[in-house]
Each structure stands twice: as C-alpha cells, then as structure tokens.
Amino acid sequence: MTKLPVTEIPSRSTSAARATSATKIYGTGDSEVRALDGIDVAFERGKFTAIMGPSGSGKSTLMHCVAGLDSLTSGAVYIGDTDLSKLNDKALTQLRRDKVGFVFQAFNLIPTLTAYENIVLPLTLGKQKGDQAWIDLVIDTINLRDRLEHRPSELSGGQQQRVAIARALASRPEIIFADEPTGNLDSKTGTEVLQFMRRAVSDLGQTIVMVTHEATAASYADRIVFLADGKVAGEMFSPTAQKVLDYLKNLGD
Amino acid sequence: MLLLALKMTWARKGRLVLTSLAIILGTGFLSGTFVFRDTINQTFDRLFSDVFRDVDAYVRSTSFIELNFGGEQRAGTPISALETVRNVEGVVSATGDIQAFARVIGKDGKPLGSEGNGPPTFGGVASSESAGLWSVVEGRLPNGSRELMLDQATAVKGGFVIGDNVRVVAARGPREFTLVGVASYGDISSPGGATFALFDQQTASEFLLEPGFVDAFLVEGDDSVSDEILAERIDAALADNLKLETLTGAEITAEVQGQIKDVLNIFSTFLIIFSYIALGIGSFVIYNVFSITAAQRQRENALLRAIGASRRQVSRSLLVEGALMGILGSLLGFAVGIGLSQVLNALLKATGFEVPTAGLAVKSGSFVNTLVAGISVTVLAAWLPARRAGRVPPLAALRDTALDTAGNLRRRVVIGLALVAVGFAGLVAAINDAPIQVLGLGVLGVFAGILVIGPAIARPIALTLGRPVAALRGVSGMMARQNSARNPKRTSRTAAPVLLGVALVTAFTALAVSIRSEIRDTFGAAFSGDFALTVDSQGFGGIPLSVTDQIGSLAGVEQATGVGFTTVRIIDPNDTPADPTATARGNFVQTINPATIGGLFDLGVTEGDLSALGRDGLIVENKRAAERGWKVGTKLQLVRIDGAVIDARIRGLMSGDTSFANFVASREMFADAPTPIFDSFVYIKAKEGAPLDEVRSRIAAISSDAGIGALQSKEEFIDDQAAQINQVLGLIYGLLGLSIIIAIVGIVITLLLSVFERRREIGLLRAVGMTRAQVRSTVRWESVITSLFGAVTGVALGIVMGFVVVAALADQGDIAFQLPVTGTIWIVVISFVLGVVAAIYPAWRATKVNVVEAISTT
C-alpha cells in the first residue's frame, strides 16, 4: 500500500482558504456522527484543488464549512486572513457574496432571472457594479454571449453549469467552491465544463476547490485531497485519471 | 388506498394545519355567531320568565298595527276597567303597565341614552301592586305628579341620587320631577341598556300617554284557579265594547320572548349572512391551498400513477385528505367560534348595548350546521385540484419543479368576458325591477368571470405593478416582481379575497357617493329655511308638538314646521277582502302641518294641493299610486293604532324624493288619538333681516330646555341627510374588514407554501450572498404586489360595476356617477399595508431556510 506524503500547510499568504483541526459532529450520544474529525487542510491560491473520497467521507461537509455555509463544532476556518467563526450571519453573507463563488451540482440558477442577471447576481446583491471588462471577459470565455437574455429553463444543462461558473467568477472572488459540478452532465458536456474551469485557473488566475467522485473530473485539478472517515487520507499532485483510479483502488484494498 | 391516503395526510401534519387554518377561520365566524345568538336568546328567555314570574294574566287592547320594521303598536287600555279586573274572583292585585317614550335629561342638559340607533328610552309605571315588573332597590315608589323612580343603570349613568331633581321629556313636553327611588328589572339593572323613567300610574298615564289610559294591566291571581281559568273569568267580566283581551302569564311571557327574539334575529341573521360570505371567500383560500399543495405533490402523485394507481385512486386520496381537513378544521373552527362569541359580546358591551348574557348556549344544531358547512365547503374546494391531480401523467414523476400552467389563456379571457357580460346584464336587469335573485346572480356572474380571467391578466399586471418596486428595491424588488408573476394562477387566486372585497366596496362607495350628492341636491332645493331641529328616533318618540309650536311663535322666527312619523293601516276598499281586520300590516306615514309647511319645505307635490289636505287627506308617492291604480280623489280607509277608522281621500301625488315615507298626512288626523305623535324634524325660517345668530340661540334655548333635538343650520342639516347613506357604507366596510382578515390569512398561507416550495432557491440565494434582510424584502414585496394586484383589479371592477348600476338607476331618477377618489386611495393604502403585514411571518420563515440542507437536496 502506497501512502503519499502529506505536504506542509502553506503559509497564510499563499493559501486562499484553510481549515485547522476542523471538527464537525452531527447528533449526540449513540447517534453521534463525526463528519469531520480534526482536519487540517489548506487550498493554495491560484490552484485548482479537487477533494475526493467515498460518500460519507465528509467531503461535502468540509466544503460547506470552509465556504461559510455551515459552522464547525470545533476548530477554525479561514478565507484569506478572515476567521469565519468570528463572523455573524450578516458578515458571513457579505463574505460569501464578495470573497466566495459557488457552483453546485444542480439547481444553480434562479429560474426567474435571465442568464446575465444570474451571472451578476452576487454583484447586484451587494449593490456593486463590478468590473465590466472582467465580466465581459468571463462571458466571452464561457462563450454564451448570445444566450444572455435567456431564462435558465431555455438553456441546456451544460450551458446552465457554464452560467453558474461565470456567476462564481463574476465578482473575482478569493476562492470558488464547486460541488460535483459535472455530476448531472453527460461526459461531453462535463468535459466542456471542466475545461472551462481549468482555464479559469490557468488563464484567469482564479482559485477553485472542487468536490467530486469522478476520477476523470479530478484529473483536471493541480492537486487532489483524499478524505476518508472525516480525515485527510492523502493527496496527489498533477494527477491523471489513471493515477487517481489506481490510488482509489489501493485505498479500497 | 384509503389507508394510504390517511397515512400520507398524517405525514404532512404541518401543511394539514396550514390548510385547516383557512377552514377554521371560515367556520369560526359561523359558529361564533350561532353561539352568540343562542346565548343572547337563552338569556332573554330567562330574564322574561323571571320578570313575568308573578304575572298570571295580562289584559290589553285587541286593536294593534304591525310595524314595518318588526314589532307592533297597540292601542291603550282604559284605566276605568281596572276596577272591574280587580273585582274578578281569584284576582289578588292588578296594576297598569306602560312602556312609552320618555327621555331622561342628564345633569349636563343632554339627554341620557344615545340619539339614533341606541337602545330605546322608556317611561313606565312603578306600582305597589306585586304584579309590577319593577322591584325597588333603594328609596321608595313615586307618588303624585312630582316624583319619579329611575332604573338602576340610568341612575348610575346620570349620577343621580335620591332627592335630586330630574328632567324628563315625554309626549306632554319637558317636566321636572324629584327622584325618590331606584329600581331593578328582574335581577338586572336595565334590560338591554334602555333607560326607564317610572311614575305612579296616574302621572304616567297623563304624562306619557293620554290621561285615563295605560298600555296593559298586569294581574296576579291567588292561585286558587289555573291561569287559563283566571284569564277566562277576566275576559268574561270585561265589556265587549272595550275591545280588550286577556292573556295568561305564560302566553305574554312567550310573546315578549318571541318579540325580543325577532329583533335580535334581525341582528344575528345579518351576522350569520356575513359569516357565510366569510366562509365563501375563505373557500377561495382553501381552494388555493389545495391547488398549490397538489401541484407541489405532483411528483409523488405521478409516482403513484407510475406504480399502478388509477386516476380515480389518486383523486380520491386527495378528496379524503380534503374531507379530513374539513372535519379537523370545522371542529377547531367550532371551538374558536365559542371564543369568538365572547368577543362579539364584549364588542357590543363596549358600544353601549348591554346584552345580559348568562352562561353559554352551545346547541347541537349550531355544531351540526358548522360542521356540515365547513366540510362541504372544503370538499368542494378540494374537488377540482383533486381531479387535476388524478390527470397527472406518470412521466411527471421525473420532472423537477411544481408545474402550474395557466391553461389556454385566450379561452380563459373569452369565457371570462362572456361570464362578466352575462353578469352585467343581470345587474342592469335587476335595477330595472327584475327580482332580487337576478342581482345576486349578476354579481356572481361578474365575479366568476373575473376569477376565470384572473390568471390570464395576473402576469402582465403583476409585472407592471412590480416595475417601480424593481426599480426602487434593487435585486429584492426584481426577484419579488418575477416571483409574483411566475405563477399567475396562484397570484390571482391568492388575490381573489382582496379583489372581491375591494370590488364590492368600490362599487358601493361609488353608488353611495353618487346618491349622496343626489340627496344633497334634492334637499338643498327642497328646504328653503335657515335651521332644522332634528331628533334621530323616527317612529318612537321625538320632539313634542308643543315644542314645535313654541319655536314657531319665537321672535325673529318667520315660520316653523314639524315633520313626524307614525304607522297606520291603509285599506283600499276596492281590494278583496275589504275586511279592515284582515291584515294588521301597517304603513309608514309622514305627518306634517299643512298650515306651516308651505314655502319652507317642498314635498315635491306633482298633482293636487297641500292646502286641500285637511284632516282626512293623504298624499301618495307617484310610483306607489301608479302601482295600485290610485288617483287624486281615490277613497281609502285608514285605521289608526287605537282602532279608529278614518275615511280618507287622496288629495295629491308627490315625487317621493324629499319625503321619508310613501304617504303624507296632516298631523290633525292624529290630534284625538290616545297614542301621541311626535315630530322628528322641525324646519325653521328666520324673519327677513333678523340676526341669524340671535335667532339660533333662541331656538337652542327652547330645544335644550326640552332636552331634545339637535339644532343644525341648513348646510349642516343637508350634510346630515346626505350622511345617512354612510350607515349603509358602514356595513359594507365591515364586509371589507372581513375579507381583509381572510385575505391576510390567504396570503400568509400561500407565501408559506411558496417559501417551502422555493427553499432551494432561497438557499442558493443565501449561498451566493443574499442577506436575511434582502430575503425578507423579497417575500414582503411579492406579498405587496399580490395584494395590490387584488386591489387594482378590484377597484377597476368596482368602478365599472358602480358605473353600470348608477347608469341604470339614472334611467329612473337622475343621479350622476361620481368617482370615489378618497375611498380608492384608502383602499390602495390599506392593500399595501395588508401585503406588508401578511408577509411578516412567511418572510421570517424564509430567512430560517437552512442553506446547506436546501442546496444539498437533489
């Protein structure tokens, strides 16, 4: 069994987000579930990180907690230099709006808003204009300029996910979290979306953390963090789909 | 499948409660009024059995007239017959009883008891005979023409103590008495908040009625024979020509109980009609909730269909759920109603109408009625959504969100407009003398049509109304605008209670405003005097005629004339049967003084002449005369309350626009009647060049000396007459209030269901940075737009309805349509507030949506 070495936690300046001794416990007594069991992890700025693990390993919980959607039982989470546990709901909401981008597996867009309105939604919510040149660049990169006035119901699944990614990018956030963004897509459309995410990191210099259970999807990342039973089980740099599959096979042995 | 339906219902307890809320509200009003009515009736039954406990026989005149507005007026009984009754074997005591108009003047010079629609003010007899209804609480019985006794409640209210001087106004004008005693009626201080001034028999007879008469005799027996035999003996002893009859104690008790019930029933019937309307409007809320929940459960129903449930089974399971909610809601509603009846009681007490209530009367009939009404309304409201649920294609199980299609919009508009057109035709027909049911059907048709069109117009109107909201409230406003337009059916159904209430109110306000300006014009033209003295108690008491004459002879007064009201029976000898006793139904007659009315008040006589009225003349309203084929010169028989038959002749016809009754007679016709007549209005014209202020204060001195009447200038009087229509408006505003309560509940329920349905969306919005305040704002503005949609369509519909009604009325008399501007502004403001209030709880719930749970749901 090959165990990959765990790297040092990067210093503050290089990590876009990190968690220290992150513990999340659901329920009490006999029904107690340790979704996160003292995890230490950091997500490097300007990199594409994937989180993998079997279901129940805590990967979604980790993402929700680091993104400020859920709170830890103990431990700390930072976005940039901000300690999320110190923030009230209003400040947390503002942080999500200004510093964090989200892409979910499904139901990413507000059905009553047009594609463009959905893209600039975080900016509108914060009553900001945003950087129009950047927004134009993002829109051109996702190649959806001709569909901006359409409602989500008039877009294909792949187009919807691309709009969601554009929304996540629009406010140029510190970090973008993507939860199984290709889970609902066929492989061709999924590839398109993944390629686009890769370009957002390589060409536009964004930071993305993606939760996935597909080896192919994870292979687009710079680094993969493997979780099991609420703990970090290992990591892998410059992955390929084959390497990931091999690792997962070993993990299962 | 039945078991499954029950299980599925139970699994959604939260929604069960929500739907039931609408049913609880509707049935609560209903059972509340039922219980309230029964409680009051029961209390009065007990009260009168107690009061008439010692009365074994009751002697009264056989001559009476049924009044138009319920009740009866009976001729007096001569005191001379009292000795005869006392001498009948088995009679222990007998005493005269009077219940006539008398108003007690308070220490501040103002009459006690409210003017107008308040409880009546009575004068009566306090007697040492044990059969008297009153028992002395303090002091002693009055004796002689200078003493009186008051009921306990009035004494307390007026701050009178024994030894005080008390002014009382009655048929013979104002007089002053010394208070010597305080009495109670049975075991309560005053029945129904009425005031009583009590005198000895002779004083009461002379001051309140006609000397030598009382209303009836109260007789107590020695219990040696049954009440029936006693009554027969008294009847036998009384001479036939006295026209008297004797009732047993049980009979008169039952009759009085029945009379009070009749009066109370007018009130409670009105409340019950309101409650049924409330339940009807509430059924929209129930229907809406079922529609929404059925749409939200489309996947579940489709799954059932996919695994082999028939359409029928799916529909039936929804109907079972509806029936269960109906039972649950009605049961809870009944319980709520019992509480509500106490609130009604407290409200009445607060407005000064003291209804003695002892205990609660919860009858099985009310229970059954409430349950039947509640369950049938609920099952009916669940019918369409249940059928629609059955038609769900099994494939819909794979679809994501609740679908709510508005169907074929064009077909909706066509069918809706057709219904509206039929409805308006009904309205116009009803105004042109079609039966009243046609009016109801017309209104129903218009509303049904609008409700069919509703979903077709909800989207564009909501988007238009939302435009300024979106512009002013940023992203929350934009989302609210889109949300209110996304389910046009839901929006239009949610707004339906607002629409119905607002449309009715606007139509009636438009009508009232138009009629008001019409009244103002006619009265302004008819009344050429300077002042009017008015008393707001048509038909019972008022300004003694002596006061009117006194005003007429004041220095500086050119002319003063009084107008009063009484009831007679009018018989057309050509009718069959011509027997004067065939019907006791009375006719309302306006009494005038033909000698003084000329040049002061124009009755709008179109044919004949007032000066020819004489003692036996009548003036009849044109329309009534035409209906009966009467002309000037037609001979009619007129039966007064005392039974006197007068051969009358029609001396003129009038337009009826400025008279308060269909018949006008001279006050001379009643000069020798034992029941006195009063004036309700005195019209006054000052002498040319006399200083108006001085004249006014002279008249005021007389009216305040008499302690009766409100002195108004011509302008004030005309305003006051025009304001009469406001009483009708008051009822309509009550209806608006009711529909507002239901509308709030309806909007709250719909918003809660929408919030539940959109929890993923809300979670997503929260995730990408929407603050709680912004979430609240979104829900609030959606609510406001929905409510305003109801208000705007309601106002538009109401104005059209009002216009059609006024236009149709204009064919008959000429009234011009007036736009109710202030009313409309108020309605819009109220709907705005309504939207904000209704959104409070759902908005709070929306902020409680758990972000992680919401976005993890797949």
Practice task
Would you check if there is a residue in the stretch B:493-511 being more than 23 Å from the chain's Cα centre (by Cα), of a type in the set (Ser, Thr, Tyr) and surrounded by 19 or more Cβ atoms within 10 Å (Cβ to Cβ)?
Solution key: yes
Practice task
Would you tally the residues in the stretch A:109-148 being more than 26 Å from A:Gly183 (Cα to Cα), in contact (Cβ under 8 Å) with a residue 24 or more places away in the chain and either over 23 Å from the mean Cα position of the chain (by Cα) or within 14 Å of another protein chain (Cβ to nearest Cβ) (or both)?
Solution key: 5
Problem - Residue within the stretch B:782-797 that is within 14 Å of another protein chain (Cβ to nearest Cβ) and either of a type outside the set (Gly, Ala, Ser) or within 30 Å of A:Gly183 (Cβ to Cβ) (or both) present - result: yes
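Out of the residues in the stretch B:747-757 meeting the condition of being in contact with a helix residue (DSSP H, G or I) (Cβ under 6 Å, 6 or more places away or on another chain) and away from chain A (no Cβ under 13 Å), tell me which one is surrounded by the fewest Cβ atoms within 10 Å (Cβ to Cβ). Walk me through how you get there before you give the answer.
Filtering the stretch B:747-757 down to residues in contact with a helix residue (DSSP H, G or I) (Cβ under 6 Å, 6 or more places away or on another chain) leaves B:747-753, B:755, B:757.
Narrowing the set further to residues that are away from chain A (no Cβ under 13 Å) leaves B:747-753, B:755.
On the way: B:Ile747: 28, B:Val748: 23, B:Ile749: 23, B:Thr750: 27, B:Leu751: 26, B:Leu752: 21, B:Leu753: 24, B:Val755: 24.
The qualifying residue surrounded by the fewest Cβ atoms within 10 Å (Cβ to Cβ) is B:Leu752.
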Completion exercise
In the stretch A:173-190, residues that are within 14 Å of another protein chain (Cβ to nearest Cβ) and either charged (D, E, K, R) or surrounded by fewer than 18 Cβ atoms within 10 Å (Cβ to Cβ) (or both) total 4
Exercise for the section: Please give the number of the condition A:Phe48 fails out of (1) farther than 28 Å from A:Thr216 by Cβ; (2) surrounded by 22 or more Cβ atoms within 10 Å (Cβ to Cβ). Expected result: (1)
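Listed here are the residues, each with its yes/no results for (1) in contact with a Phe, Trp or Tyr (Cβ under 6 Å, 6 or more places away or on another chain); (2) more than 18 Å from B:Asp657 (Cα to Cα); (3) in a loop (DSSP other than H, G, I, E, B).
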| position | (1), (2), (3) |
| --- | --- |
| B:Ile515 | no, no, no |
| B:Leu533 | no, yes, no |
| B:Ala555 | no, yes, yes |
| B:Phe565 | no, no, no |
Problem - Number of positions in the stretch A:94-103 that are at the interface with chain B (Cβ under 7 Å from one of its Cβ atoms) and of a type in the set (Lys, Arg) - result: 2
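Looking at the stretch B:160-275, what strands (runs of 3 or more DSSP E) fall wholly within it and have at least 2 residues that are closer than 30 Å to B:Ala346 by Cβ and touching a helix residue (DSSP H, G or I) at 6+ places or on another chain (Cβ under 7 Å)? Working first, answer last.
Details: elements: B:165-170, B:173-185, B:195-199, B:216-221, B:244-248.
In the stretch B:160-275, the matching strands (runs of 3 or more DSSP E) lie at B:173-185, B:195-199.
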Problem - Among (1) surrounded by fewer than 18 Cβ atoms within 10 Å (Cβ to Cβ); (2) among the basic types (Lys, Arg); (3) modelled with pLDDT of 90 or more, the one test that A:Arg167 misses - result: (1)
Practice task
Examine the stretch B:619-627 for a residue that is in contact with a strand residue (DSSP E or B) (Cβ under 6 Å, 6 or more places away or on another chain), modelled with pLDDT of 90 or more and more than 22 Å from B:Glu558 (Cβ to Cβ), and state whether such a residue exists.
Solution key: yes
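Is it true that B:Ile744 is under 30 Å from B:Phe508 (Cβ atoms) and within 14 Å of chain A (Cβ to nearest Cβ)? Full working, then the answer.
Numbers: under 30 Å from B:Phe508 (Cβ atoms): yes; within 14 Å of chain A (Cβ to nearest Cβ): no.
Taking the combined requirement at face value, the residue does not satisfy it.
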Fill in the blank from the handout: The one condition B:Val446 fails out of (1) more than 14 Å from chain A (Cβ to nearest Cβ); (2) surrounded by fewer than 18 Cβ atoms within 10 Å (Cβ to Cβ) is (2)
Handout entry: Failed criterion for B:Val620 (all others in (1) over 23 Å from B:Ala526 (Cα atoms); (2) in contact with a Gly (Cβ under 9 Å, 6 or more places away or on another chain); (3) assigned to a strand (DSSP E or B) hold)
Key = (1)
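Table: residues versus (1) in contact (Cβ under 8 Å) with a residue 24 or more places away in the chain; (2) farther than 24 Å from B:Val420 by Cα.
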residue: B:Val768; (1), (2): no, yes
residue: B:Arg780; (1), (2): yes, yes
residue: B:Thr786; (1), (2): yes, no
residue: B:Gly794; (1), (2): yes, no
residue: B:Thr824; (1), (2): yes, no
residue: B:Val829; (1), (2): no, yes
residue: B:Arg845; (1), (2): yes, yes
residue: B:Ser856; (1), (2): no, yes
Completion exercise
Restricting attention to the stretch B:758-772, the residues that are of a type outside the set (Lys, Arg) and either more than 7 Å from chain A (Cβ to nearest Cβ) or part of a helix (DSSP H, G or I) (or both) number exactly 6
Problem - Test: residue in the stretch A:210-226 that is within 14 Å of the chain's Cα centre (by Cα) and over 27 Å from A:Lys24 (Cβ atoms) - result: yes
Fill in the blank from the handout: Checked against (1) closer than 28 Å to B:Leu244 by Cβ; (2) not in a helix (DSSP H, G or I), B:Trp630 satisfies every condition except (1)
Problem - Verdict on B:Ser514 being crowded, with 22+ Cβ neighbours inside 10 Å and within 14 Å of chain A (Cβ to nearest Cβ) - result: no
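Residue check: is B:Gly652 in contact with a strand residue (DSSP E or B) (Cβ under 6 Å, 6 or more places away or on another chain) and not aliphatic (A, V, I, L, M)? Talk me through it step by step, then tell me what you get.
Working: in contact with a strand residue (DSSP E or B) (Cβ under 6 Å, 6 or more places away or on another chain): yes; not aliphatic (A, V, I, L, M): yes.
So B:Gly652 fits the description; yes.
Only one residue in B:Ser93, B:Ser135 is at pLDDT below 90, part of a strand (DSSP E or B) and surrounded by fewer than 15 Cβ atoms within 10 Å (Cβ to Cβ), so which one is that?
B:Ser135
Confirm whether B:Phe660 is of a type in the set (Phe, Trp, Tyr) and surrounded by fewer than 19 Cβ atoms within 10 Å (Cβ to Cβ).
Numbers: of a type in the set (Phe, Trp, Tyr): yes; surrounded by fewer than 19 Cβ atoms within 10 Å (Cβ to Cβ): yes.
Against the criterion (of a type in the set (Phe, Trp, Tyr) and surrounded by fewer than 19 Cβ atoms within 10 Å (Cβ to Cβ)), B:Phe660 qualifies.
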Exercise for the section: Could you check, for the stretch A:89-101, whether at least one of its residues is within 24 Å of A:Gln159 (Cα to Cα), assigned to a loop (DSSP other than H, G, I, E, B) and at pLDDT below 90? Expected result: no
Completion exercise
Here the residues within the stretch A:24-36 that are within 14 Å of chain B (Cβ to nearest Cβ) and small (Gly, Ala, Ser) are A:Ala35
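Quick test for you: out of A:Ala91, A:Ala106, A:Ala76, pick the one residue that is more than 13 Å from chain B (Cβ to nearest Cβ) and either surrounded by 24 or more Cβ atoms within 10 Å (Cβ to Cβ) or of a type outside the set (D, E, K, R) (or both). Write out each step before concluding.
Values: A:Ala91 fails: more than 13 Å from chain B (Cβ to nearest Cβ); A:Ala106 fails: more than 13 Å from chain B (Cβ to nearest Cβ).
When all the criteria are applied, what remains is A:Ala76.
Output the residues belonging to the stretch A:51-73 that are within 19 Å of A:Phe226 (Cβ to Cβ) and within 14 Å of chain B (Cβ to nearest Cβ). It would help to see each step written out before you state the result.
In the first step, residues of the stretch A:51-73 are kept if they are within 19 Å of A:Phe226 (Cβ to Cβ); the result is A:51-66.
Within the stretch A:51-73, A:Ser55, A:Gly56, A:Gly58, A:Lys59, A:Ser60, A:Thr61, A:Leu62, A:Met63, A:His64, A:Cys65, A:Val66 qualify.
Being away from every other protein chain (no Cβ under 13 Å), farther than 23 Å from A:Thr216 by Cα, in contact with a helix residue (DSSP H, G or I) (Cβ under 9 Å, 6 or more places away or on another chain) and not in a loop (DSSP other than H, G, I, E, B) is the requirement here; does A:Ile39 meet it? Step through it out loud before you land on a result.
Working: away from every other protein chain (no Cβ under 13 Å): yes; farther than 23 Å from A:Thr216 by Cα: yes; in contact with a helix residue (DSSP H, G or I) (Cβ under 9 Å, 6 or more places away or on another chain): yes; not in a loop (DSSP other than H, G, I, E, B): yes.
For A:Ile39, the condition - away from every other protein chain (no Cβ under 13 Å), farther than 23 Å from A:Thr216 by Cα, in contact with a helix residue (DSSP H, G or I) (Cβ under 9 Å, 6 or more places away or on another chain) and not in a loop (DSSP other than H, G, I, E, B) - is met.
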Exercise for the section: Tell me which of these A:Leu84 doesn't satisfy, since it passes every other one: (1) more than 9 Å from chain B (Cβ to nearest Cβ); (2) closer than 17 Å to A:Asp179 by Cα; (3) not small (Gly, Ala, Ser). Expected result: (2)
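The values are calculated or read from the model by the stated rules, or taken from the named source; none is laboratory data. None of the values given here were measured: they were computed from a predicted structure. Cβ coordinates were reconstructed from backbone atoms using ideal geometry, including for glycine residues, and neighbour counts include every protein chain displayed.
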